[in-house]
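First the structure, in the form of structure tokens, and then the observations on it.
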Amino acid sequence: MSTSKLTRRQAVKTTLGLIAAPMIVDAATLGLAQDVVSANNRITLGFIGTGKMGTSSHVANLPRFEDIHTLAVCDVDTNRVTNAKRRVDAYEQRKNPAYGGCDMTDDFREIIERDDIDAVCIATPEHWHTIPLVTACIAGKDVYCEKPLTLTICESQLCVEAARKYGSVVQTGSQQRSSVFGPFRQGCEIVRSGRLGQIEKVTVGVGSPGIPCDLPEEEMEPGLDWDMWLGQAPMRPYNSTLSPRGVHTHFPAWRMYREYAGGGLADMGAHHFDIAQWALGMDGSGPVEVHPPEDDEATTGAKVVYENGIEMIHGGPSGCTFFGTDGTMRLDRGLLSSDPEEIVSEPIGEDDVHLYNSPNHHRNWVDCIKSREKPVADVDIGARSVVICHLMNLAYWKRKSYRYDPSQWCFDNDEDNKELDRERRDPWQLPELE
């Protein structure tokens with residue numbers, strides 16, 4: 001960790017009085033109506049990955065905060081990185097007319113190696129999450145990384161170890177933990193407060209498991225470093241389904257292919273399995289068994305089982321449905337319903353469980369960088385939630401059951417432990433912690 005970074009954080013802590021992460025945040029604290037912030041109290045930021053999510057969510061919001069100063073953007077596609085620079089420059093110049101413009105690069109290492117950058121926001125495809133995240137932690141930087149956080153169980157463990165070893169504040173982009181997409185916190189408080197009685201089963205309705213990539217070759221996109229886009233993944237010909245041409249406004253389908261992601265199961269599963277973990281109070285742990293569906297052709301029906309006997313099943317209506325001894329509850333974006341209805345209609349009381357209240361996911365990360373508190377979707381939370389996706393994908397791919405030890409991040413035998421990770425194309429091996 002650089003001396004300049006420690007000095008900046010000490011200055012911020014002196015100003016803010018070593019506050020904890022806020023539980024109630026007003027509009028000004030969200031960063032859109034703050035007073036001018038001194039240069040010493042600004043967090044310097046670099047963006048890694050400026051496609052659809054990187055630009056429409058992160059570049060469109062973080063530079064608006066008065067206490068964020070963006071210095072660089074990175075993408076392997078020339079069109080995307082140029083578009084991101086243009087947008088960042090426009091936001092930053094509104095705050096400071098003398099802003100000289102951010103730098104742009106096609107190599108994430110150039111951003112991480114800079115001593116003048118405090119934090120990075122990673123919004124690459126999933127197979128490019130772990131290496132930049134861990135490298136940034138080793139360099140003493142704080143990290144916001146999109147979900148699903150990792151591609152393998154081994155990567156999940158490494159991300160947690162790196163953040164803890166180097167003291168980085170790492171926010172997983174599981175925005176449903178913040179009050180943006182729906183009543184998820186309220187629903188989890190209801191479950192944790194015991195209104196459903198003893199939970200017996202949870203169903204989680206998300207997409208299908210990842211599939212092998214068999215896309216045909218297309219003419220190469222000019223201005224794209226295809227070898228760098230592939231990274232650790234096997235070499236294969238270019239296809240615009242994976243890295244769209246130009247500045248795209250849709251979510252690319254690389255997320256369906258197991259070489260780069262975990263399919264629809266992990267894409268939305270990283271959101272909804274995460275909420276189920278939150279509601280069950282399992283943030284620091286996870287299931288101990290995973291089983292495939294009885295039908296070998298089925299793409300739903302896999303289940304994980306927790307030590308207390310609760311089953312979580314892939315399938316059913318979108319979002320999470322909780323089945324308890326005293327009722328059922330459905331929880332999804334914009335939806336909170338129950339049978340009987342009074343389970344959700346009665347307000348949460350003072351004596352009920354109250355969970356981490358984060359009105360804004362980006363703002364929560366920035367505030368935690370200053371306070372050095374854990375954010376609402378801390379790295380350990382994001383890593384353990386995506387492990388459920390990895391376990392279920394393995395159950396579908398191998399059509400077998402596994403016993404898993406969440407405390408050790410491993411299976412119960414050496415043969416199964418070969419599935420904890422996958423081969424990587426050189427030179428993109430996982431970083432070693434110093």
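The values are calculated or read from the model by the stated rules, or taken from the named source; none is laboratory data. Model, not experiment: these values are computed from the prediction. Here the Cβ is made from the backbone with ideal geometry for all residues, glycine too, and neighbour counts use every protein chain on show.
Could we say that Arg363 is touching a residue at least 40 places away in the same chain (Cβ under 8 Å), more than 22 Å from the chain's Cα centre (by Cα) and not assigned by TED's automatic domain parsing to the domain that holds Ser57 here?
Against the criterion (touching a residue at least 40 places away in the same chain (Cβ under 8 Å), more than 22 Å from the chain's Cα centre (by Cα) and not assigned by TED's automatic domain parsing to the domain that holds Ser57), Arg363 does not qualify.
Can you tell me which of Ile138, Ile111 is more than 30 Å from Val288 (Cβ to Cβ), of a type in the set (Val, Ile, Thr) and crowded, with 24+ Cβ neighbours inside 10 Å?
Just one listed residue meets the conditions, Ile111.
If you go through region 334-344 one residue at a time, how many are under 23 Å from the mean Cα position of the chain (by Cα), assigned to a loop (DSSP other than H, G, I, E, B) and at pLDDT 95 or above?
Matching residues across region 334-344 total 0.
Rundown of residues vs (1) farther than 23 Å from Ser174 by Cβ; (2) over 24 Å from the mean Cα position of the chain (by Cα); (3) hydroxyl-bearing (Ser, Thr, Tyr), yes/no style:
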{"position": "Glu200", "(1), (2), (3)": "yes, yes, no"}
{"position": "Val247", "(1), (2), (3)": "yes, no, no"}
{"position": "Ala253", "(1), (2), (3)": "no, no, no"}
{"position": "Gly269", "(1), (2), (3)": "no, no, no"}
{"position": "Phe273", "(1), (2), (3)": "no, no, no"}
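Taking region 240-265, which residues are among the aliphatic types (A, V, I, L, M) and in contact with a Lys or Arg (Cβ under 8 Å, 6 or more places away or on another chain)?
Hits for region 240-265 are Val247, Ala261.
Looking only at region 186-202, decide whether some residue is among the hydroxyl-bearing types (Ser, Thr, Tyr) and in the same structural domain as Glu341 (by TED's automatic domain parsing).
Yes: one or more hits.
Would you check which residues across region 118-135 are in contact with a Phe, Trp or Tyr (Cβ under 7 Å, 6 or more places away or on another chain) and either at pLDDT below 95 or assigned to a helix (DSSP H, G or I) (or both) and list them?
Residues satisfying the conditions are Glu126, His127, Ile131, Pro132.
Does region 383-415 hold any residues that are touching a Phe, Trp or Tyr at 6+ places or on another chain (Cβ under 6 Å) and farther than 27 Å from Ser174 by Cβ, and which are they?
The answer is none; no residue qualifies.
In region 265-308, what count of residues is obtained for those that are small (Gly, Ala, Ser) and crowded, with 19+ Cβ neighbours inside 10 Å?
Looking only at that region, the number is 7.
Yes/no matrix, rows are residues, columns are (1) outside any helix (DSSP H, G or I); (2) closer than 22 Å to Arg192 by Cβ; (3) among the aliphatic types (A, V, I, L, M); (4) modelled with pLDDT under 95:
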residue	(1), (2), (3), (4)
Trp365	no, no, no, no
Lys370	no, no, no, no
Asp380	no, yes, no, no
Ile388	no, yes, yes, no
Trp397	no, no, no, no
Asp416	no, no, no, no
Arg425	yes, no, no, no
Trp428	yes, no, no, no
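Name the residue, out of Ser337, Ser358, that is surrounded by 18 or more Cβ atoms within 10 Å (Cβ to Cβ) and of a type in the set (Gly, Ala, Ser).
Every option except Ser358 fails the conditions.
Val12 is checked against (1) surrounded by 18 or more Cβ atoms within 10 Å (Cβ to Cβ); (2) at pLDDT 95 or above; (3) over 19 Å from the mean Cα position of the chain (by Cα); (4) of a type outside the set (Ser, Thr, Tyr) and fails just one. What number does that condition carry?
(2)
What are the residues in region 176-223 that are assigned to a loop (DSSP other than H, G, I, E, B) and of a type in the set (Val, Ile, Thr), if any?
Val180, Val206
Residues that are touching a helix residue (DSSP H, G or I) at 6+ places or on another chain (Cβ under 7 Å) and assigned to a loop (DSSP other than H, G, I, E, B): does region 311-330 have at least one?
No, region 311-330 contains no residue that is touching a helix residue (DSSP H, G or I) at 6+ places or on another chain (Cβ under 7 Å) and assigned to a loop (DSSP other than H, G, I, E, B).
Name every residue in region 299-308 that is assigned to a loop (DSSP other than H, G, I, E, B), farther than 16 Å from Met268 by Cα and touching a residue at least 60 places away in the same chain (Cβ under 8 Å), in order of residue number.
Across region 299-308, there are no qualifying residues.
Checking Met256 against (1) surrounded by 20 or more Cβ atoms within 10 Å (Cβ to Cβ); (2) in contact (Cβ under 8 Å) with a residue 60 or more places away in the chain, only one condition comes out false. Which one?
(2) is the only condition that Met256 fails.
Taking the options Gly197, Gly205, Gly262, Gly223, name whichever one is surrounded by 22 or more Cβ atoms within 10 Å (Cβ to Cβ) and either within 18 Å of Ser385 (Cα to Cα) or touching an Asp or Glu at 6+ places or on another chain (Cβ under 7 Å) (or both).
Every option except Gly262 fails the conditions.
Just the residues that are among the hydroxyl-bearing types (Ser, Thr, Tyr) and in a helix (DSSP H, G or I), please, taken from region 46-60.
Thr55, Ser56, Ser57
Quick test of your reading of the structure: Pro347 fulfils all but one of (1) surrounded by fewer than 17 Cβ atoms within 10 Å (Cβ to Cβ); (2) in a strand (DSSP E or B). Name the failing condition by number.
All conditions are met except number (2).
Here is a check on your reading of the model: is Ala90 assigned by TED's automatic domain parsing to the domain that holds Leu62, modelled with pLDDT under 95 and farther than 20 Å from Leu133 by Cβ?
No.
Taking the criterion of being among the polar types (S, T, N, Q), within 22 Å of the chain's Cα centre (by Cα) and farther than 30 Å from Ile153 by Cα, would at least one residue in region 80-99 satisfy it?
no
Among the residues of region 400-410, are any in a loop (DSSP other than H, G, I, E, B), polar (S, T, N, Q) and farther than 15 Å from Val288 by Cβ?
Scanning region 400-410, I find no residue that is in a loop (DSSP other than H, G, I, E, B), polar (S, T, N, Q) and farther than 15 Å from Val288 by Cβ, so the answer is no.
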